[in-house]
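Worksheet: the structure to be examined is printed underneath.
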Amino acid sequence: MRRYKAAGTNATDEHGSLDTVEFINVAKDDALAFPRAANRRYPSTVNARMGGTIRPFVEKSLAINDTILTVFEKKLGLPEGTLLAAQPREAYSGSEARVIKNPPKRPAAAAETPQ
């Protein structure tokens, strides 16, 4: 999976209109280790948001995942902690959060009106 995609790198229609979506994938391990780099380094714009936005998002996502795994354990009749033990936070993971920037699109009529 690619780590970064710049806006305008994909055509979105038969006329070759370019997309406006920009994104960067942040590894779970890097978000939890911040400010230390576990796997790779990120641009300053990402680092500026890592502690206050990205890391809390990853932590909340992991808490939700833990809740789902606990429900699965109960529904499957597994001993408590079985699935959670298979997913330790400290273990290397390929999990990533995607930070997306997509500016609002102008209405078609406004886009066609000369200025």
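The values are calculated or read from the model by the stated rules, or taken from the named source; none is laboratory data. None of the values given here were measured: they were computed from a predicted structure. With ideal geometry, Cβ positions are generated from the backbone for all residues, glycine too; neighbour counts draw on all protein chains shown. Remember, those area values only see protein heavy atoms, side chains included, never the ligands or the DNA or RNA. Shrake-Rupley method; radii C 1.70, N 1.55, O 1.52, S 1.80 Å.
Descriptive notes on the structure:
- Over the chain: helical MRE at 222 nm, DSSP H runs n ≥ 4 each giving -39500 (n - 2.57), nearest 500: -10500 deg cm²/dmol
- Of the GluC sites (Glu not before Pro) found in the range 1-70, the ones in coil according to DSSP and having at most 15 other Cβ atoms within 10 Å of their Cβ are GLU14.
- With a 1.4 Å probe rolled over the protein heavy atoms of all chains, the accessible area of PHE34, PHE23, PHE57 falls in the order PHE57, PHE34, PHE23, largest first.
- Sequentially through the range 9-21, phi angles give Karplus couplings (6.51, -1.76, 1.60; θ = phi - 60°) of 9, 10, 7, 10, 7, 5, 8, x, 4, 8, 6, 10, 8 Hz, Gly and Pro residues having no value and appearing as x.
- Most to least accessible of LYS5, LYS60 (protein chains only, probe 1.4 Å): LYS60, LYS5
- Accessible surface, 1.4 Å probe, highest first, among residues ILE68, ILE54, ILE100: ILE100, ILE68, ILE54
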